[in-house]
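Worksheet: the structure to be examined is printed underneath.
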Amino acid sequence: MPSSIASFYAALAVWGLLIARGRNRPTQWPLVAAFGLILLLTLNARYLIEGAPAGIAYFISLYDFFDNLGLGPGAAPAAMATCSENACSLWSETYLLHQSWGVAFFDRFLNAPAMRTNALYVHLFCNSVVFLLMHVQVLRAGQPGARTSHAWLGRTTFGFLTVGTAAALYLAGEHDSVHAYGGIWAEWGFYSMSLCVYGAALMGWRKARQGDWEQHRIWTLRFIGAMYGAFWLFRIFLMASGPLLREWESLSLLFSIWASAPAGLLTADWLRRRWDAKLIRESDSPAQPGV
């Protein structure tokens, strides 16, 4: 196993352990968020430091182990393909079959037009900044003197999100011709993902402009959930569905595209309702004797 892939799996396991331990320990959630943020920034930085083809090869390699589970010699699932000299993976000769969407992803950026490559870099950079700033916003919320900085930091976050989303929409506009992605279904799937993320952020901004701070909070949490879904759930869904749907080309990718952001938004809203209900119960409970 390539050492960089093993390191990522190990880091993911540590993060999962931190999440499990922090489930009922709210004081540990800043550590959980910080660890996940560092992991995310590390993944995105590979594209910007090593170049798009190398970053994509690493991305594909994260799934090769799972996608090849249970495959016998000579097997050729409909959703899997090879790439020239196996350059789209870090696994050398260990795995020669990869998800066809991954091979297409690598090929499209191997000798891509500058506009396409730069749009990818802009999208990754801006969304990385958004992830960083939205965590700062959450951690600083409610602190003394944070109201003014919260406002300008929110505008800055929204500005980076706007640019990053525009780059994503430009990239999605080319997907109708990529059969391995799912063609027009992939294009409109990425449009729906962008709408889910940007629409929630836009509603949060609108409610802030109206002075409706409770709805601003609700929509901001939904936006954060959609961002987590579009990044982390997207990758988790690919990891889980890849080996299950490898007989149907592009189906695993399409499922991840269409489901990840809405799932993240709905999960965040469900958690927010649970947290709010818990706070209401605690505030309504009678004080204990002697307290």
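Could you say which residue among Gly55, Gly36 is within 30 Å of Arg140 (Cα to Cα) and crowded, with 19+ Cβ neighbours inside 10 Å? It is Gly36.
Could you list all residues from region 1-24 that are closer than 15 Å to Phe66 by Cβ and surrounded by 15 or more Cβ atoms within 10 Å (Cβ to Cβ)?
Taking region 1-24 first, the residues closer than 15 Å to Phe66 by Cβ are 1-2, 5-6, 8-9, 12-13.
Hits for region 1-24 are Pro2, Ile5, Phe8, Leu12.
Residue check: Ala226 meets all listed conditions (1) free of Cβ contacts under 8 Å to residues at least 40 places away in the same chain; (2) touching a Cys at 6+ places or on another chain (Cβ under 6 Å) but one, namely (1).
Filtering region 182-223 to residues that are of a type in the set (Ser, Thr, Tyr) and modelled with pLDDT of 95 or more leaves Tyr191, Ser192, Ser194, Tyr198. Return the residue satisfying two criteria in turn: it lies in region 234-245 and is hydrophobic (A, V, I, L, M, F, W, C) and under 11 Å from the mean Cα position of the chain (by Cα), and of such residues it is surrounded by the fewest Cβ atoms within 10 Å (Cβ to Cβ). Across region 234-245, the extreme among qualifying residues is Ile236. Across region 86-114, the number of residues qualifying as acidic (Asp, Glu) and in a loop (DSSP other than H, G, I, E, B) comes to 1.
Can you pull out every residue in region 46-85 that is on the phi > 0 side of the Ramachandran plot and in a helix (DSSP H, G or I)?
Filtering region 46-85 for residues on the phi > 0 side of the Ramachandran plot gives 51, 70, 74, 85.
Result: Glu85, single match.
Checking Trp248 against (1) farther than 25 Å from Ala172 by Cβ; (2) modelled with pLDDT of 90 or more; (3) more than 22 Å from the chain's Cα centre (by Cα); (4) not in a helix (DSSP H, G or I), only one condition comes out false. Which one? Among (1) farther than 25 Å from Ala172 by Cβ; (2) modelled with pLDDT of 90 or more; (3) more than 22 Å from the chain's Cα centre (by Cα); (4) not in a helix (DSSP H, G or I), the lone unmet condition for Trp248 is (1).
The values are calculated or read from the model by the stated rules, or taken from the named source; none is laboratory data. Everything quoted here is computed from the prediction, not taken from an experiment. Every residue, glycine among them, receives a Cβ derived from its backbone with ideal geometry; neighbour counts consider all protein chains shown.
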